[in-house]
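The values are calculated or read from the model by the stated rules, or taken from the named source; none is laboratory data. Bear in mind that the values here come from a model prediction, so they are computed numbers and not experimental data. Cβ atoms come from the backbone with ideal geometry, glycine included; neighbour counts cover every protein chain shown.
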């Protein structure tokens, strides 16, 4: 089964666009001078095991916001944004969310607090200790944005009726997400270029990150002028060795996961840190659930925290991702054998060197200039949208302009600020401004309009 543009024309535009969207967002709590806050997870957010919206990631100082799945990008983004506002303004007066994927000023590694749980969550705490031992405490403090996506079941069912011959429905649905995932891995380098926004680090972070930078700010900060995303670079949050699981079908994928676990390469199946994850119905039994229940949705893990908006995420980037994932479903696949090795090389080179105008990526074994390839992909997306009746010209125009003019990218905009004010000072100021913006928004917004959001936010928290 290989869906293409003509196949999708069998659906209405509404059926093509019908999807579910969710957001998971990690962010450190920091003091007013840019140091990691060492206070416990705020009590007003309730039990971190029971609050489905506000919890912690690796560290007690690392907030995680999780939304439900919504039927539109607008609804998912708006819900997330207001939840973020409510969380930000309920932090202590002198405490802020750090709006950057690369950490703030860190204490010594053994002073970074691992998230603490009651006896019910002891396994989560043990797993975090194992990760800290394996990857180091400081690497665990890298934060990011995860974008959860699925096509509506009704649209998949209609496609299955038309094009699912000689396959079970589960096999057909799995192949939709597998093809999307294979192509996403091939082309996620363009997402790194368009949305990357982690160009610096502090001297208290890892030495391998500092080595990737080419400038010092005079205040203990280091930054790169060569690429948009240290988080997505070779020193980012990645497995210790490069892994290439098979995405041919679910059984081959899960067989590879079992092999990694048996050999001790991974501690748990969820430790596979790919740019996209295949998500099961039962996350507690990932491998068994993928085999028995199939792929339920995918999790995009490429996005850096964006400091230029009060919730650390930009709506147009989410809208672009939506179109991009549809494009990944219909784009023809290359038969090039070493595509995964090439894909990882391209994502890391983009993250580290994309601002070199002559920088080349590898396409099926041959060199191609990044800008030329990026424009080729965007132009194909324009054609797809026109053919399918998708009205997203404004979103595509924004991305087209970022490719033609790199100074419009988030990374280059941030480099200018860091050059002027330093890495820590820049992000302290942005984080303080974002907290002010959240406070202003909540104070000037009719609370009746966000009644359901407040109800959801307070459901498992103690603040009022």
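Worth pointing out:
- When 255, 282, 217 are checked against the criterion of being surrounded by fewer than 16 Cβ atoms within 10 Å (Cβ to Cβ), within 27 Å of residue 143 (Cβ to Cβ) and modelled with pLDDT of 95 or more, a single residue qualifies: 282.
- Check on residue 86, in contact with a helix residue (DSSP H, G or I) (Cβ under 8 Å, 6 or more places away or on another chain), surrounded by 18 or more Cβ atoms within 10 Å (Cβ to Cβ) and touching a residue at least 24 places away in the same chain (Cβ under 8 Å): yes
- Check on residue 54, under 15 Å from residue 311 (Cβ atoms), modelled with pLDDT under 95, touching a helix residue (DSSP H, G or I) at 6+ places or on another chain (Cβ under 6 Å) and crowded, with 16+ Cβ neighbours inside 10 Å: yes
- Checking each residue in the range 191-212 for being assigned to a loop (DSSP other than H, G, I, E, B) and over 29 Å from residue 265 (Cβ atoms) picks out 197, 199, 203, 204.
- Verdict on residue 143 being part of a loop (DSSP other than H, G, I, E, B), in contact (Cβ under 8 Å) with a residue 24 or more places away in the chain and within 30 Å of residue 98 (Cα to Cα): yes
- Residue list for the range 284-304, filter: farther than 14 Å from residue 173 by Cβ, touching a helix residue (DSSP H, G or I) at 6+ places or on another chain (Cβ under 6 Å) and in a loop (DSSP other than H, G, I, E, B): 302, 303
- Where residue 84 falls short, out of the listed (1) touching a strand residue (DSSP E or B) at 6+ places or on another chain (Cβ under 9 Å); (2) within 14 Å of residue 431 (Cα to Cα); (3) in a loop (DSSP other than H, G, I, E, B): (3)
- Subset of the range 318-346 (residues that are over 26 Å from residue 10 (Cα atoms), in contact with a helix residue (DSSP H, G or I) (Cβ under 9 Å, 6 or more places away or on another chain) and either assigned to a helix (DSSP H, G or I) or in contact (Cβ under 8 Å) with a residue 40 or more places away in the chain (or both)): 339, 340, 342, 343, 344, 346
- In the range 213-238, the residues that are outside any loop (DSSP other than H, G, I, E, B) and free of Cβ contacts under 8 Å to residues at least 60 places away in the same chain: 216
- Some residue of the range 377-392 being touching a residue at least 40 places away in the same chain (Cβ under 8 Å), in a strand (DSSP E or B) and within 11 Å of residue 190 (Cβ to Cβ): no
- Meets criteria (touching a strand residue (DSSP E or B) at 6+ places or on another chain (Cβ under 9 Å), free of Cβ contacts under 8 Å to residues at least 24 places away in the same chain and either more than 30 Å from residue 358 (Cα to Cα) or not in a loop (DSSP other than H, G, I, E, B) (or both)) for residue 281: no
- The set of residues from the range 67-81 being within 17 Å of the chain's Cα centre (by Cα) and assigned to a helix (DSSP H, G or I) comprises 73, 76, 77, 80, 81.
- For the range 343-375, taking the residues that are touching a strand residue (DSSP E or B) at 6+ places or on another chain (Cβ under 9 Å) and exposed (fewer than 13 other Cβ atoms within 10 Å of the Cβ), the one that is farthest from residue 414 (Cα to Cα) is identified as 367.
- Test: residue in the range 442-458 that is at pLDDT below 95, touching a strand residue (DSSP E or B) at 6+ places or on another chain (Cβ under 9 Å) and on the phi < 0 side of the Ramachandran plot: yes
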